[in-house]
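Have a look at the structure below before the remarks.
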Amino acid sequence: MQFARNILIASIVVVCGTAISADKQAGMALSATCVACHGQDGNSVVPGTPHLAGQNSRYLKRQMELIQSGTRPVPLMTGMLDGLNEQGLADIAAYYASLPASIREASRDRLEQGEAIYRGGIMEKGVAPCTACHSPNGSGNQLAGFPKVSGQAVEYTISQLTAYREGQRETDAEYGGMMRSVAANLTDNEIRAVANYMLGLN
């Protein structure tokens, strides 16, 4: 099968300027316990759980490190990463990054408002355009470690932007707290609008 052959190909995960050779096949084996929440193909069907398929590997590895250390508390992930070393995390990240993300369609509700925020920000409130870090098509920036946001579950995106706004998520510290700064000035309706818009990006 073509899919099976593809996952045998090693990839490189770059973390803080250091290249780590990652084994996608090993990552597939290590991800066996992840499928319950994140789906067999990395596209979750569990509400509020992120899709991992197609996410960039540097971001995935960094988030697993933060969860593993307790810096990013995720109760449902408690113990799930115990015993995994840097190589194991890199392998899992490479595996999920190699999977095709599903293409999804945004709701028409507040779609124009979401697009305006994503592409132009809200200058009078100091909200920068999302495109600056996450790219015009939502694919993110692998080298910088900025995540792919296109096709992400709306409720998950809402929960994360809200957590940044309320200071409950601080995983942007190495980037000067920029996500908290942006989200601090977004209302619930604005967060929902931009989350919905990002769902349909591809």
#### Entry: Kirkwood hydrodynamic radius of segment 36-76, Cα pairs, Å
11.0
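Accessible area of segment 23-118 with a 1.4 Å probe: how many percent of it is carbon plus sulfur?
C and S fraction of accessible area: 55 percent.
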### Query
What length, rounded to one decimal in nm, is gained on full extension from ILE103 through to SER21, with 0.36 nm per residue of separation minus their alpha-carbon distance?
26.6 nm
#### Entry: Cut-off under 5 Å, modelled amide H: who pairs with VAL127 long-range
ILE122
### Separation of the ASN85 and ALA36 label points, Cα + 7 Å toward Cβ, nm
2.7
### Task
Would you mind telling me which residue in PRO100, PRO75, PRO47 has the biggest mean-square fluctuation in a Gaussian network model of the chain, where springs connect alpha carbons within a distance under 10 angstrom?
PRO75
### Message
Please enumerate, by chain and number, the lysines with C-alpha under 28 Å from the C-alpha of LYS61, excluding those fewer than 8 residues away in the same chain.
### Response
LYS24, LYS148
### Task
Tell me which label goes with the value of volume of the Cα convex hull per residue in Å³ computed from the coordinates here: (i) 148; (ii) 135; (iii) 115.
(iii)
### Message
Connecting C-alpha atoms closer than 10 Å in a GNM of the chain, tell me which of ASP23, ASP91, ASP172 has the biggest fluctuation.
### Response
ASP172
### Task
Have a look at VAL74, VAL127, VAL46 and tell me which one the Gaussian network model of the chain (Cα, springs below 10 Å) gives the largest fluctuation.
VAL74
### Net charge contributed by nearby residues that have their C-beta within less than 15 Å of ALA29 (K/R +1, D/E -1)
-1
### Query
With labels modelled as points extended 7 Å from the Cα through the Cβ direction, what inter-label distance (nm, one decimal) is found for ALA132 paired with ASN189?
2.5
### Query
What is the calculated FRET efficiency for ARG119 to GLN168, with r their C-beta to C-beta distance and R₀ = 22 Å, to the nearest 0.05?
0.25
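The values are calculated or read from the model by the stated rules, or taken from the named source; none is laboratory data. In this text the structure is predicted, and so the values were computed from the model without any measurement. Cβ atoms come from the backbone with ideal geometry, glycine included; neighbour counts cover every protein chain shown. Side chains included, ligands, DNA and RNA excluded: accessible areas come from the protein's heavy atoms. Shrake-Rupley method; radii C 1.70, N 1.55, O 1.52, S 1.80 Å.
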